[in-house]
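Below: the structure, in structure tokens.
The values are calculated or read from the model by the stated rules, or taken from the named source; none is laboratory data. These numbers come from a predicted model, not from an experiment. Here the Cβ positions follow ideal geometry from the backbone for every residue, glycine too, while neighbour counts run over all protein chains shown.
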Amino acid sequence: MPAQRIAEVLQGIEPAVVAGITTAELELLCVKQLRTLGIHPILRGYRGFPADVSISVNEVAAHGVPNGRRLNDGDVVTIDLAVDHGGWKADAARSFAVGEANAAVHRLLQAAQAATYAGIHAARAGARFGDIGAAVEWAAAQHGCRVANTLCGHGIGRELHEPPVVHHTGATNTGGTIVAGLVFSIEPVVVLDTGEVTLVATNDGHGLRTLDLRPCAQFEQLVAVFADHTEVLTARR
């Protein structure tokens, strides 16, 4: 399955996420690993995106374009992969701390990972989509962080973005009912500390960054909802 293979790439790339490497070099390494596994990156050209992999650093919340920027100790780097295999799409992302990161960066990463898994735990057949958003927000807040509420998860299958839209903020017992058979992403972008989050376009016209330059982190997972359980398709095996 492409979902399991994309998880392998995100796991395998970790040793390369070091100070001194450029985001463009990381992109090339990701693409090489993807193609070795027989899956094809599909971001290039999607809605005009100019690269095969999205790599966002620090204050860039999403859609970062790889370039000649060299990573420094303490940076937060999010690698977001979207692929195709046999006509089926898969999408996942993971954040990494570069080198000797400070306590605040580690708290941010813990918050982002906890928020995603809280959302996964809430994604059960018969529950409501608002339950996912409420769980995500609560988990981020326990680490003194906040969720960027303008970025959402999505259904996925033959197309990269399909219904439903999955909000990462919300209230319990609201929104549509989660039904068996759905496959969708849970991918909250979590921002360090609890101030209001405003996102603006980056200079390249593709990325989104925090207005106040606070760093972000994201752990995107794909889930498949069954009648009696929910499976994380992109979990590392």
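Residue 29 passes all but one of (1) surrounded by fewer than 22 Cβ atoms within 10 Å (Cβ to Cβ); (2) part of a strand (DSSP E or B); which number fails? For residue 29, the failing item is (2). Across segment 102-139, the number of residues qualifying as of a type in the set (Gly, Ala, Ser), farther than 17 Å from residue 171 by Cβ and buried (at least 18 other Cβ atoms within 10 Å of the Cβ) comes to 3. Please go through segment 142-185 and pick out each residue that is surrounded by fewer than 21 Cβ atoms within 10 Å (Cβ to Cβ), among the β-branched types (Val, Ile, Thr) and over 28 Å from residue 108 (Cα atoms). Answer for segment 142-185, where residues must be surrounded by fewer than 21 Cβ atoms within 10 Å (Cβ to Cβ), among the β-branched types (Val, Ile, Thr) and over 28 Å from residue 108 (Cα atoms): 177, 179. For segment 89-112, the set of residues classified as out of contact with any strand residue (DSSP E or B) (no Cβ under 8 Å at 6 or more places or on another chain) and either aromatic (Phe, Trp, Tyr) or in a helix (DSSP H, G or I) (or both) consists of 103, 110, listed by residue number. Taking segment 69-83 as the range and being of a type in the set (Gly, Ala, Ser) and surrounded by fewer than 16 Cβ atoms within 10 Å (Cβ to Cβ) as the test, no residue passes. The criterion of being assigned to a strand (DSSP E or B) and either at pLDDT 95 or above or out of contact with any Leu (no Cβ under 7 Å at 6 or more places or on another chain) (or both) holds for residue 190.
When segment 193-228 is filtered for residues that are in contact (Cβ under 8 Å) with a residue 60 or more places away in the chain, among the β-branched types (Val, Ile, Thr) and part of a loop (DSSP other than H, G, I, E, B), only 202 remains. Comparison of 47, 35 shows that the only residue that is assigned to a helix (DSSP H, G or I) and either touching a strand residue (DSSP E or B) at 6+ places or on another chain (Cβ under 9 Å) or of a type in the set (A, V, I, L, M) (or both) is 35. Quick check: anything in segment 167-180 within 14 Å of the chain's Cα centre (by Cα), closer than 24 Å to residue 50 by Cβ and touching a residue at least 40 places away in the same chain (Cβ under 8 Å)? Checked against the condition, which is being within 14 Å of the chain's Cα centre (by Cα), closer than 24 Å to residue 50 by Cβ and touching a residue at least 40 places away in the same chain (Cβ under 8 Å), segment 167-180 yields no hits at all.
Taking the listed residues 3, 118, 7, 19, the one that is of a type in the set (Gly, Ala, Ser), without any contact (Cβ under 8 Å) to a residue 40 or more places away in the chain and either part of a helix (DSSP H, G or I) or out of contact with any Pro (no Cβ under 6 Å at 6 or more places or on another chain) (or both) is 118, with no other qualifying.
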